[in-house]
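Asks: Handing you a structure now.
Laboratory data are not the source of any read-out in this text; all were calculated from the coordinates shown. Since the structure is predicted, the reported quantities are computational estimates derived from the model, not experimental observations. Neighbour counts are summed over all protein chains in view; Cβ atoms, including those assigned to glycine, are modelled from backbone coordinates with ideal geometry.
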Amino acid sequence: MTLTPAAAQHLRDLARLRRVRDRIDREYAQPLDVEALARGANMSAGHLSREFKLAYGEAPYGYLMTRRIERAMALLRRGDLSVTDVCFEVGCSSLGTFSTRFTELVGVPPSTYRRDPADTTAGMPSCVAKQVTKPIRNREAPVNEPHLA
């Protein structure tokens, strides 16, 4: 069975996208931007963004931020680092952007999450806790609206 040139190119693109995703997973704490990721994959930034979103359901930057927030959640649950230290430890350069994105994905600000993490995973095996605490992607955590009586 012979692949058409378009099908062969699509498979090559998927392999490059997988390498980009693997690089993000490995180097999430490093300064990464879409242009640098695209250069490493020999693609334009626009093409990488479009193809990554088609393949994985979100843009490369969104995927990177989700990885960073997942790691931040683990560090905040540990409790020995401040929110600012965690922000910089996971590769974010702006505390404001980190806090905003954390709140969007997790549903509470990082300071609240750091203060009350035990309630989230008390008594759970670590494999279950990882699934329960995984950030919600693609328009984020539900907002708890106050109920007025």
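Asks: What nm value, rounded to one decimal, do you get for the distance between THR4 and THR84 when each label is placed 7 Å out toward the C-beta?
Replies: A separation of 5.8 nm, rounded to one decimal place.
Asks: Quick check for me: using +1 on Lys/Arg Cβ and -1 on Asp/Glu Cβ, what's the dipole size of region 41-107 about its Cα centre, in debye to the nearest 20?
Replies: The dipole of region 41-107 has a size of about 100 debye.
Asks: Could you sort 85-96, 101-112 so that the peptide with the highest average Cβ count within 10 Å comes first and the rest follow in order?
Replies: 101-112, 85-96
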